[in-house]
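Participant: Structure incoming, see below.
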Amino acid sequence: MFATNHKAMKTILSFLLLIFTATLSTDIQAQPDKKEWAIALHGGAGFVSKDMPEERKKAYYAALEEALAIGEEILKNGGSALDAVEQTIKYLEDNELFNAGRGSVFTAEGKNELDAAIMDGKALNAGAITGVTTVKNPISLARKVMEESRHVFFAGNGAEKFADETDVERVDTEYFKIQRRYDEWKRANKQTGYNLEKLENNSWKMGTVGCVALDKDGNLIAGTSTGGMTNKKYGRVGDVPIIGSGTYANDMVAVSATGWGERIMLNVSAHTLAAYMKYTNSDLKSSMDYLVDEVLNPKEAGFIAVDKHGNFSMRTNTGSMFRAASNSNGKRVVAIWED
Ligand code: GLY
């Protein structure tokens, strides 16, 4: 009798142990909150009025949807975050609604001088270029700098020379010029300097485009591309190609900035978010709030970020930011204003 009970007890215990072990390993593997992939993009922060003509609003939403779909498709199919970021930004550079590639703002000398950067957070490697004038897609040249050179950052003639050694598409400088930007530049020339109030009153967008992504292999990539600031002076370099300012990624988070480049640079903004997250053990939302609300002043900048868990965050303190994001859990946002 005792022997039979003992045997039955042993069987029950083994069964319970088996269930416990199986549950434990399922928990470890499934991690219900972990998303397989995530992507966020921006088409510039600024002071865009909600009274924007309906047609124009539609055009922006359609462009954001299309850009997001490009990155999503790559990530869903197991493609790399690097390809997703490059291809999404290429689309935004080619779309003249945005201040990057074709449709970039004019310099004080009436030229278009473009900046871009891309960073691989896992490899802690980056590529950046500033002041290029004939490269159709600066983000692709930045990627080449990261993958095919011993260096991180090429400027002006040097960047053009490096481009000569690659197969990136080149264009005549006229390609970048569009009438709307020319008119903005003409107006800017009648005014003085970079007075933010004047920028705001004129509803000028402090444009730039950017994309951050996490892929199924856990790679985190950040990329940003811009024509810079309207009426910028000779040789002016903004935050975008300065690694850690407008663009940064590590093994925890990828960040891209948009807005007033000088202020973003002075606060080493993208790196500040990443460092805050790492050293205070904070989540993405708190780290983003710290940067936007406590580090920068109101009306200066916006940011997008994706963390290693596939969470995304997009915030601006300027009133508007063309933006879109999604992840593998089905969360999806396409927006311009706060609500
Ligand atoms: N944030 C873009 C620039 O200031 O160049």
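The values are calculated or read from the model by the stated rules, or taken from the named source; none is laboratory data. Every value quoted in this text rests on a predicted model; they were computed, and no experiment measured them. With ideal geometry, Cβ positions are generated from the backbone for all residues, glycine too; neighbour counts draw on all protein chains shown.
Participant: Looking only at the stretch 223-239, which residues are of a type in the set (A, V, I, L, M) and either buried (at least 24 other Cβ atoms within 10 Å of the Cβ) or near the ligand (Cβ under 6 Å from one of its atoms) (or both)?
Facilitator: To start, the set of residues in the stretch 223-239 that are of a type in the set (A, V, I, L, M) comprises 229, 237.
Of everything in the stretch 223-239, just one residue is of a type in the set (A, V, I, L, M) and either buried (at least 24 other Cβ atoms within 10 Å of the Cβ) or near the ligand (Cβ under 6 Å from one of its atoms) (or both), namely 229.
Participant: Checking the structure you have, find out if any residue of the stretch 81-90 is more than 16 Å from the ligand (Cβ to nearest atom), assigned to a helix (DSSP H, G or I), over 16 Å from the mean Cα position of the chain (by Cα) and over 19 Å from residue 184 (Cα atoms). Before the answer, list the steps.
Facilitator: Kept after step one, since they are more than 16 Å from the ligand (Cβ to nearest atom), are these residues of the stretch 81-90: 81-88, 90.
After this cut, where a residue has to be assigned to a helix (DSSP H, G or I) as well, the list is 81-88, 90.
Cutting the leftovers down to over 16 Å from the mean Cα position of the chain (by Cα) gives us none.
The answer is no; no qualifying residue exists.
Participant: What's the number of the only condition in (1) within 16 Å of the ligand (Cβ to nearest atom); (2) more than 30 Å from residue 73 (Cα to Cα); (3) surrounded by fewer than 21 Cβ atoms within 10 Å (Cβ to Cβ); (4) of a type outside the set (S, T, N, Q) that residue 279 fails to meet?
Facilitator: Result: residue 279 passes all but (1).
Participant: Let me spell it out: the conditions are (1) within 13 Å of the ligand (Cβ to nearest atom); (2) modelled with pLDDT of 95 or more; (3) touching a strand residue (DSSP E or B) at 6+ places or on another chain (Cβ under 8 Å), and residue 291 meets all of them except one. Which number is the exception?
Facilitator: For residue 291, the failing item is (1).
Participant: Restricting the first residue to the stretch 208-222 and requiring it to be farther than 12 Å from residue 252 by Cα, which pairs with a second residue that is of a type in the set (Asp, Glu) meet a Cβ separation below 7 Å and a spacing of at least six or different chains?
Facilitator: Hits for this filter: 209/93; 216/36.
Participant: Output the residue which, of all residues in the stretch 110-144 that are touching a Ser or Thr at 6+ places or on another chain (Cβ under 9 Å) and among the acidic types (Asp, Glu), is nearest to the ligand (Cβ to nearest atom).
Facilitator: Taking the stretch 110-144 as the starting set, the residues that turn out to be touching a Ser or Thr at 6+ places or on another chain (Cβ under 9 Å) are 111-119, 126-128, 133-134, 137-142, 144.
Still in the running and among the acidic types (Asp, Glu): 113, 115.
On the way: 113: 10, 115: 6 Å.
Of everything passing the filter in the stretch 110-144, 115 is nearest to the ligand (Cβ to nearest atom).
Participant: Among what's in the stretch 246-266 and is surrounded by 24 or more Cβ atoms within 10 Å (Cβ to Cβ) and within 9 Å of the ligand (Cβ to nearest atom), pick the residue that is nearest to residue 287 (Cα to Cα).
Facilitator: First, the residues of the stretch 246-266 that are surrounded by 24 or more Cβ atoms within 10 Å (Cβ to Cβ): 246-249, 253-261, 264.
From the residues that got through so far, the ones that are within 9 Å of the ligand (Cβ to nearest atom) too are 246, 257-261, 264.
Details: 246: 16, 257: 14, 258: 17, 259: 18, 260: 20, 261: 20, 264: 16 Å.
So the residue we want is 257.
Participant: Among the numbered conditions (1) buried (at least 19 other Cβ atoms within 10 Å of the Cβ); (2) touching a helix residue (DSSP H, G or I) at 6+ places or on another chain (Cβ under 6 Å), tell me where residue 83 comes up short.
Facilitator: (1)
Participant: It is to be established whether one or more residues within the stretch 101-109 are under 16 Å from the mean Cα position of the chain (by Cα), crowded, with 20+ Cβ neighbours inside 10 Å and not in a helix (DSSP H, G or I). Reasoning before the result, please.
Facilitator: Quick first cut of the stretch 101-109, residues under 16 Å from the mean Cα position of the chain (by Cα) only: 101.
Of the ones still in play, those that are also crowded, with 20+ Cβ neighbours inside 10 Å are 101.
Filter again for not in a helix (DSSP H, G or I), leaving 101.
Yes, there is a match, as at least one residue in the stretch 101-109 is under 16 Å from the mean Cα position of the chain (by Cα), crowded, with 20+ Cβ neighbours inside 10 Å and not in a helix (DSSP H, G or I).
Participant: Moving on to the next point. If I go through the stretch 269-303 residue by residue, how many of them are in contact with a Gly (Cβ under 7 Å, 6 or more places away or on another chain), among the aliphatic types (A, V, I, L, M) and more than 14 Å from residue 222 (Cβ to Cβ)?
Facilitator: Taking the stretch 269-303 as the starting set, the residues that turn out to be in contact with a Gly (Cβ under 7 Å, 6 or more places away or on another chain) are 270-271, 300-302.
Now drop any that are not among the aliphatic types (A, V, I, L, M), which leaves 270, 301.
Filter once more, so that each one left must be more than 14 Å from residue 222 (Cβ to Cβ): 301.
Number satisfying all stated conditions: 1.
Participant: Name the residues in the stretch 94-103 that are more than 10 Å from the ligand (Cβ to nearest atom) and either touching a Leu at 6+ places or on another chain (Cβ under 7 Å) or within 13 Å of residue 134 (Cα to Cα) (or both), would you?
Facilitator: Going residue by residue through the stretch 94-103, those that are more than 10 Å from the ligand (Cβ to nearest atom) are 94-98, 101-103.
Result: 98, 101, 102, 103.
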